[in-house]
Every structure is written in structure tokens, then in C-alpha cells.
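Okay, so here's the structure we're looking at.
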Amino acid sequence: MYGKMHSACLYGIEGVMIGVEIDLSNGLPQSNIIGLPDSAIREAVERVRAAIKNCGYRYPQQRITINLAPADLRKEGSAFDLAIALGILTTSGQLEMPAAGELLLIGELALDGSLRPVTGVLPMVAAARKAGLRAVMLPRENAAEAALIQGMTVYVLNHLRELPEPDNMAGTGYRILELLHSSPGSTLAPASTGLPFPVTVTTGEATRKERPIVRIRSLGHLQYCPVSGPMDLPPAGDSGMLTEDYSDVLGQQHVKRALTIAAAGMHNIILIGPPGTGKTMLIKRLPGILPQLSDSEALEVTQIFSAAGKLKDAHRGLLRNRPFRSPHHTISEAGLIGGGSIPKPGEVSLAHKGVLFLDELPEFSRHVLEVLRQPLEDRSVTISRARAAFTFPAQFLLAGSMNPCSCGFLGSGNPQQRCSCSPSRIAQYRAKISGPLLDRIDLQVDVPRPREWDQPGRALSSAEMRGEVLAAQGIQAERYRALPISWNSELAGAALRRYAALDSESTEMLHYVLDNLGLSMRAHDRIIKLSRTIADLDGAPEITVSHLAEAVQYRNLDRQVISEE
């Protein structure tokens, strides 16, 4: 006997449809799972066996072969338990389900038959919707996440006993009766057992004279009705209440200007200054001035968090605020980029469409920092393994902070906190950040000790900064409406020459800067892209010398001569 159910698994951060095929044949009773399963899937046999028996059904005493197709794709996790269990019950003739060919089954089984949630539900359901399936059955904890995919009917199953409708055999399948004290040979009427068929007792146990099939006429009693969906969320332009505001930061107007430019064009930025000047405080408020995610971006970001098992508030809908990730400096390369035997997304992918903040940048391992070079350029990460290659999106704004030297007081301006580092020690400290990585950071901004202690009313607020960012982002959206890009930082090649063209005076000035500072051609392009964003903030259609000059002056570390104060 042959049966098939539909399930899914994760392949990187994408959902992949998996056919769960069941074959029952005569032979010694044994169960085998084939199709490159991992340990958790191989152990599913025992979980499913116990769940079926403890729910009153019969586990077939036959040779059971379970194939997870396609067979050449490595599979992991416990999401196949429900599909395996229902596949065995339907193939063995104990259960009939309506429209099983259009139903996605996801869930881990406990030994008593109850269902436990799994990770990665959103990309799995999205893959099922793309494959033409119309419904999904899964644990209640995953229902809100599955309901984010429009066009899918969601059925919630807490326990295998809930499959039949309440009026169908009182919600039970086969009920195994242990009547050890009954007389052998006696026949028990249905009224005394609760079963719709008579039971004959042999050798002290109850045996069935016939085996009825549990026919499920409808799954309507399991249907999930979400309180809210993706269309009920506030519009992307509504920022809501901001708990942290730039008005809390005294002074540092030039740094706020640089952060506004970084947010307006998604340009990488690093703040350099002595301890206590507000570097971390300034960057942690950066998400508050970024525009909210669009519908397509929100779905993409939410799928990444779902695949990583970090989507905790799916009942609130898609993630709308741009992610802000701030890993500790002890993070490994795999933790930052992603990895594992079956790779999972790292911090650069969790920061996709948002901000990756590396506080105290030189404290990170040099090897860890160097792996950022490729995703900063390609906006994606490809991790290759023997059997497959996985690509994760990684388009993020890199924000970093660092002290100017190892003691931290270079340029502090405080006579009581003079720098004690020698030029060679300063050079050694800054060498922890390689030239190629520094070349990819558009804004390198000094953060001195603030002076405006007595003028807190002049502090620029997040609302004002966000208004400038939204205006510039609107200009970019209109300019690039026919291109697959959204930000000035994504310009390259012919698009850069077309949309960020320089006049003769600006070109002459840029060539002079490149010759005197020894900048690379990558820095050349990044200065032009930064100039385009500055022009957008000013509402200027063309890049002028003043825009270019401001962009150049943000390359502090490129032009700074280290000297001991």
C-alpha cells in the first residue's frame, strides 16, 4: 500500500517542498526513513509510533518504508512528524482525510500525540503557496506565523485526537481497551465500551471484531482565524512611538548630520572618538530615523527571522521596523556570516535591510572583520558545503564605533586625560581594521568631547532627522523606480554614471583628492554615491562641488595624520 503527504523543510532560508511517501508491505515489522534524513528525522519513527498508539490508533505491524523526496536533498529538523504520522494512518486504512493532496503538514509530535512548534514555518508556507497548495495544518504556536501568507487556509492541531470532528466518534480514533479483568470469550456491547462496534474478549484482553475507518468529513473545526494579518498593520510611514530620541544627545550636530546622510542612502559609517563622547548612544538611535520596511522587504526580513528561529511575535504581523543587530566582539566567523553543517543565517543576514552595529570595532578578531568584505560588496553571502551551496541575503548598513587609540584619549581635548600611546602603538591599534575594509566605509566621523552642555534646547530630534531621511528616500524611490535598487549606495557601473554624473569642476576636484590622498577607485565611486545622497538631502537635482567636498571630508581615517597630542 502506498500513500503520500506534503511537508516542507528549510534550505538555507528558503522553504522547500518535501513529499513524504509511505509504503506498507509484508515482511518483518520494521520502519525505515530514507531520503538523506538527519538524526532528528530518523528518531521520528519512535515519536510517531508512541503518538499513534497513545492516541488509540494502531501502528501497523508491517514493513514500513518512509521516503522523503527529493532524495538527494539533505533534510533536518522535526517538522516531518505530523506528515509521517498521518501518512501511516491513511495508508494503513485507519484514517481518511479530505483534500490531503492540497494540504501542507508541519509539526513535531510528542509521545502522547500532542504537537509542538517548529522553526522556519513562514518560508515553508510561502513555498507551499507557490507550489499551489491551499491549506496548512500545524501547531497552534505556529498558526499566526503561517497566517501571514495570504491565500492559505490555516488549520490548528493541538493533538492527534482532535482530527475527527467532535460528533465523529467523540473525537477519538481506535480506542485500545485493556480489560484484563473481563472474562475470556465474553462479548461487550458498544454501550459499555464507548465504541461503535462490539468487542470480544480473548485471553483477558479486548479485541476488535471489525476495524472501522475514521472518516474526516471536514477540517472546518480546526480552522484558524487570525486576529490580524499583514494588511491590518499600520502603514510603512507610521513610525509609532520612539523610545530613544536624538534630542537626548547633547550637541554633536555634525555627527547627527553624518548619521542622517548614512540613513538617507544606507551608507556605512564609523564613529571615532574618546570614551564617553556618545558614539554608542548615537548609533543605537539610528533605526529611529530609518524608513520602515516596505511590504516586500517586510516579508523577506520576516522569513529570515523565521528560518533562524527568532520570530517571537508573529501574531503582530510582519516585521515592519528595520532590524538592528549588535553582536558582541567575541562572535565567531560562523556567527557573523552564518554556517554549520547545514548553514544557518548569521548576524549579517539577520541585519538584512537594517543596521549591523559593531561596537568597539578593533576589539573584534581581525579574521572576523575580514569576512565582512565580500557581503559589503555583494550584499549577499554564499556558503558552500560538499553537497550544496547556500546563499543568504546580506544588504545592511554597517555602523561601527572605535576609540582613536588603545588608551582611548587621543584627541579628547581634556588636559587631565592625555594620550599615552606612541605613534607606533596608535598605528598598531588602527591596523586591526584593514585598509580594504576601511575602504568600504563611506563615512568616517570624529566624535569629540561635546561642548554644548548649556544648550540642550538646540538638540536635533529624531523626528527632524527622520523627516529629512524620508524626503531623500522618496527622491531615490522615484529616481530608481525602473531599476532593481532602492538606495544610492547600490549604484554601480552605468547606473552610477547616469544618476550621479559630475560636472567638469567636480571631476577636477575629485581627481585632485584622489591623487593627494591616494584613494582607491572603490573610494572614488563611494565618494560619488555619498555626494548623490547629500545632494538629495539638499533637494538638488545635480551634484555640486559643495556636495562633493562634504563627502570627501567624511573620509577622516583616509586623510588623517596620526600625531601625539
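The values are calculated or read from the model by the stated rules, or taken from the named source; none is laboratory data. Since this is a predicted model, take the numbers as computed values, not measurements. In this analysis, Cβ positions are derived from the backbone assuming ideal geometry, glycine residues included, and neighbour counts consider all displayed protein chains.
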Elements of type helices (runs of 4 or more DSSP H) contained in the stretch 493-557, each with 3 or more residues being more than 20 Å from His254 (Cα to Cα):
493-499, 504-517, 521-537
Quick check, is Leu483 part of a loop (DSSP other than H, G, I, E, B) and modelled with pLDDT of 90 or more?
yes
Let me confirm something: among Ile304, Ile337, Ile331, which residue is surrounded by fewer than 20 Cβ atoms within 10 Å (Cβ to Cβ), β-branched (Val, Ile, Thr) and over 24 Å from Arg466 (Cβ atoms)?
Ile331
Let me spell it out: the conditions are (1) surrounded by 17 or more Cβ atoms within 10 Å (Cβ to Cβ); (2) under 27 Å from Lys279 (Cβ atoms), and Ala463 meets all of them except one. Which number is the exception?
(1)
Somewhere in the stretch 445-458, is a residue within 19 Å of His267 (Cα to Cα), of a type in the set (Asp, Glu) and part of a helix (DSSP H, G or I)?
no
Given (1) within 22 Å of the chain's Cα centre (by Cα); (2) at pLDDT 90 or above; (3) among the aliphatic types (A, V, I, L, M), number of the condition Leu271 does not satisfy
(1)
Residue list for the stretch 4-14, filter: within 21 Å of Met137 (Cβ to Cβ) and either touching a Phe, Trp or Tyr at 6+ places or on another chain (Cβ under 8 Å) or modelled with pLDDT of 95 or more (or both)
Lys4, Met5, His6, Ser7, Ala8, Cys9
Out of (1) assigned to a helix (DSSP H, G or I); (2) touching a Pro at 6+ places or on another chain (Cβ under 9 Å); (3) modelled with pLDDT under 95, the one Val348 does not meet is (3)
For the stretch 362-420, what are the residues that are touching a Phe, Trp or Tyr at 6+ places or on another chain (Cβ under 6 Å) and either in a loop (DSSP other than H, G, I, E, B) or exposed (fewer than 14 other Cβ atoms within 10 Å of the Cβ) (or both)?
Cys405, Ser406, Gln417, Cys419
Residues in the stretch 299-307: is at least one farther than 20 Å from Met124 by Cβ and either part of a strand (DSSP E or B) or in contact with a Leu (Cβ under 8 Å, 6 or more places away or on another chain) (or both)?
no
Any idea which of Leu537, Leu517, Leu530 is touching a helix residue (DSSP H, G or I) at 6+ places or on another chain (Cβ under 6 Å) and within 24 Å of Ala394 (Cα to Cα)?
Leu530
Wholly within the stretch 1-117, helices (runs of 4 or more DSSP H) carrying at least 2 residues that are closer than 26 Å to Ile383 by Cβ and in contact (Cβ under 8 Å) with a residue 12 or more places away in the chain:
39-42
Residue check: is Thr91 over 31 Å from the mean Cα position of the chain (by Cα), buried (at least 19 other Cβ atoms within 10 Å of the Cβ) and β-branched (Val, Ile, Thr)?
yes
Is it the case that the stretch 138-154 has a residue that's farther than 22 Å from Arg47 by Cα, among the hydroxyl-bearing types (Ser, Thr, Tyr) and in the same structural domain as Leu86 (by TED's automatic domain parsing)?
yes
So which of Asp23, Asp81, Asp112 ends up being in contact with a strand residue (DSSP E or B) (Cβ under 9 Å, 6 or more places away or on another chain) and exposed (fewer than 15 other Cβ atoms within 10 Å of the Cβ)?
Asp112
Got a sec? Which of Arg63, Arg49 is surrounded by fewer than 16 Cβ atoms within 10 Å (Cβ to Cβ) and of a type in the set (Lys, Arg)?
Arg63
Hey, among the residues in the stretch 315-345 that are in a strand (DSSP E or B) and not charged (D, E, K, R), which one's nearest to Leu369 (Cα to Cα)?
Gly338
Note: among Leu517, Leu496, Leu510, just one is among the hydrophobic types (A, V, I, L, M, F, W, C), more than 21 Å from Ile485 (Cα to Cα) and surrounded by fewer than 18 Cβ atoms within 10 Å (Cβ to Cβ), namely Leu517
Subset of the stretch 481-498 (residues that are in contact (Cβ under 8 Å) with a residue 12 or more places away in the chain and more than 16 Å from Leu537 (Cα to Cα))
Leu483, Glu490, Leu491, Ala492, Ala495, Leu496
Out of all the residues in the stretch 127-145, which are in contact with a Pro (Cβ under 9 Å, 6 or more places away or on another chain) and aliphatic (A, V, I, L, M)?
Leu138, Ala143, Ala144
Restricting to the stretch 118-147, and then to whatever is assigned to a loop (DSSP other than H, G, I, E, B) and not small (Gly, Ala, Ser), can you tell me which residue is surrounded by the fewest Cβ atoms within 10 Å (Cβ to Cβ)?
Arg134
Within the stretch 242-257, which residues are surrounded by fewer than 24 Cβ atoms within 10 Å (Cβ to Cβ) and not in a loop (DSSP other than H, G, I, E, B)?
Ser247, Asp248, Gln253, His254, Lys256, Arg257
Of all residues in the stretch 253-275, how many are out of contact with any Leu (no Cβ under 9 Å at 6 or more places or on another chain) and under 13 Å from Asp359 (Cα atoms)?
2
Which of the residues belonging to the stretch 53-69 are at pLDDT below 95 and under 37 Å from the mean Cα position of the chain (by Cα)?
Asn54, Cys55
Can you say whether Glu347 is closer than 20 Å to Ile269 by Cα and loosely packed, with under 15 Cβ neighbours inside 10 Å, as far as the supplied structure shows?
no
With criteria (1) part of a loop (DSSP other than H, G, I, E, B); (2) β-branched (Val, Ile, Thr); (3) free of Cβ contacts under 8 Å to residues at least 60 places away in the same chain, Ile433 comes up short on (3)
